[in-house]
1. Accessible area per residue for segment A:196-283 in Å², computed with a 1.4 Å probe and the full protein assembly in place, what is it?
2. Over 49 Å, how big is the tail of the calculated P(r) for the protein assembly as shown, in percent of all Cα pairs?
3. When the Cα centres of segment A:45-77 and segment B:291-329 are compared, how far apart do they sit, in Å?
4. For segment A:31-173, what is the relative contact order in percent, using Cα pairs closer than 8 Å and at least 6 residues apart in sequence?
5. Using θ = phi - 60° and the Karplus form 6.51 cos²θ - 1.76 cosθ + 1.60, what ³J(HN,Hα) does each residue of segment B:191-208 get, whole Hz, x for Gly and Pro?
6. From the P(r) of chain A, can you give the percent of Cα pairs sitting at distances over 38 Å?
7. In debye, nearest 20: dipole of the protein assembly as shown around its Cα centre with unit charges on the Cβ of K, R (+) and D, E (-)?
8. Could you please state, rounded to a whole Å, how far the C-alpha centre of segment B:1-32 is from the C-alpha centre of segment B:125-204?
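The values are calculated or read from the model by the stated rules, or taken from the named source; none is laboratory data. What you see is a predicted model, and the numbers here were worked out from it, not measured in a lab. Methodologically, a virtual Cβ is constructed for each residue, glycine included, from the backbone with ideal geometry; neighbour enumeration extends over all protein chains shown. In case anyone asks, the SASA skips ligands and DNA or RNA and just uses the protein heavy atoms, side chains included. Shrake-Rupley method; radii C 1.70, N 1.55, O 1.52, S 1.80 Å.
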Protein chains: 2
Amino acid sequence: MQIVRWGIVGTGGIAHRFAEAAKNVEGVSLEAVASRNDGTARQFADEFGIPHPFGSYEDMARFDGIDAAYIATPHALHAPNGMLMMNHGKAVLSEKPITVNMLQLDEMIACAQKNKVFLMEAMWARLTPGTIKLLEIVKSGAIGEVKGIQAAFCYDMSDEPDHHAFNPLYGGGSLLDVGCYCLSFASWNMDSPVADIVAEAELGPTGVDVHCCVLIKYASGAIASLTSAMLLEKPGDGYVFGDKGYIKTKDRFYAPQEFTVHVRDSKPQTYRCPFLGNGFEEQIIESSRCIREGKLESDIVPHSQSRFIMAQMDAIRRQIGVRYPLDPA
Amino acid sequence: MQIVRWGIVGTGGIAHRFAEAAKNVEGVSLEAVASRNDGTARQFADEFGIPHPFGSYEDMARFDGIDAAYIATPHALHAPNGMLMMNHGKAVLSEKPITVNMLQLDEMIACAQKNKVFLMEAMWARLTPGTIKLLEIVKSGAIGEVKGIQAAFCYDMSDEPDHHAFNPLYGGGSLLDVGCYCLSFASWNMDSPVADIVAEAELGPTGVDVHCCVLIKYASGAIASLTSAMLLEKPGDGYVFGDKGYIKTKDRFYAPQEFTVHVRDSKPQTYRCPFLGNGFEEQIIESSRCIREGKLESDIVPHSQSRFIMAQMDAIRRQIGVRYPLDPA
């Protein structure tokens, strides 16, 4: 199997999770890591036995010892960091949300097409065994026609008011940070275009949404009710409601390791679908396979899926009045 | 204690529940029942040992052996039936929703004021021990400032397509039938005016909402996410989210007999608050007490509360396009 050689841009928590997972995946090697800080890159490289630390993103982009880059910087930097890598012929797996708006996303997709390189949003959750099994059951019609989705992803960062997740310059706010999981979960379960979206949000002192509730009406008539928050804890279970029954996930709806199918007049059935490792292995396997096969996008997490979700996030932000400096005039 | 003598208008399921509860309440007697059908009234009277069955609402209105009438007819009839009783000097306890729109409600309140009689919406859930305890805990600040409400009341009537709950003439649809519980629950937990409401709904073949999702933004910044449906089963638990923790009810959020308080860094605490009987006793006690004391409305379920919820239902129906023949032009 052709080894796909990866470099990581960024050294935060999500970069750690990627590096841990990469160690477990056959046919990939972790060759490089880049940080704006040389010491940080070296420290990360030491921790994971990565041979080539770089104190500059540009240096890693020029390095010909990698085939692909995983972008693990704050949201607003995914596009510039990703395009830097693609302009040097590297495939890109970019953390979610892939960019902060559609303008950036279309620039990024154009950049991938121009350079004929693979580009995928790191929507790892879509590729986990639990999600795949859940979608298989929904598509089988076991719960009937899908009529509703309910999901909430809420966490409490009140003790970190200076975190970049609150900063409009970095594409902060609960919608982009975790609401994207809710929107994605809804879209995976729906075979219907969006007919209408309405939203209500509470904005915090920095002007980003600290609590955002969204209703999506699909052309089929189904309705998704989605919530994200960053100063509020809520249980993370999600539901898919059909006209014959429903599925309830245990905890993380977007990457459930356990869920229960309730079909009317039947005994509820629980499925357990553990991750291979920490949940990131599957996306490394999928993106590495695509890169190996010379594909420019994944069939499971294609560019069109990223655009579908980004269009919704742009529309929601216009409604709730969250505007980033990077948004078009 | 002065006995409050009750008559019941209507003989359906909810009338049965009222009659059962009334038997358990001290200081009240069930003296009459009225139906448009003489046989039905007699049968109901026999079942509950009610001395005066009437085959006409008018006859019961003129009967001077009752002080108060409980209106248990379909939604659209609450106003005409209630006003008939009030115009004959009877106090009125009207099933929820008290009317189908604000026009009817204001006529009904004016009628009560003109006749100087007691009028209360039968929002029994507000008076149950579980709701009272839950609100006491919320108002104590135990979960911090209320930032969110989540509640769903959904049931499946797909096997009764001819039920009056689907009929626009009777004020059908899930919002009025059970969404009113969601709106009420949210309002009880909020000390803040409504700043904005948005909604999405699926309308069925008769033009009423079979699934309705509502987001209410309060002036405080809090957001309620509420769902009602009548062709869809969903678990009926509800949540009150504060910035220090949350409360989750077990099953029926609007009249919880069990709920758990989750405060950050504390062990969850579960409260069990059984009904006195079938859940209707408390509203009979409250309305009878008010009537005995010569009050024209209840302090706990005042006219203003009914108007607060009706204004929201009118606004939601305008957004989702559900219009009743009884609505003003």
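1. 35
2. Cα-Cα pairs of the protein assembly as shown separated by over 49 Å account for 24 percent.
3. Result: 62 Å between the Cα centres.
4. 17
5. Calculated HN-Hα couplings, in order: 10, 8, x, 6, 9, 6, 9, 10, 8, 9, 8, 9, 9, x, x, 8, x, 9 Hz.
6. On the way: 6953 of 53956 pairs.
Percentage above 38 Å: 13.
7. Working: 60 positive and 80 negative charges, 18 e Å.
Rounded to the nearest 20 debye, it is 80 debye.
8. 26
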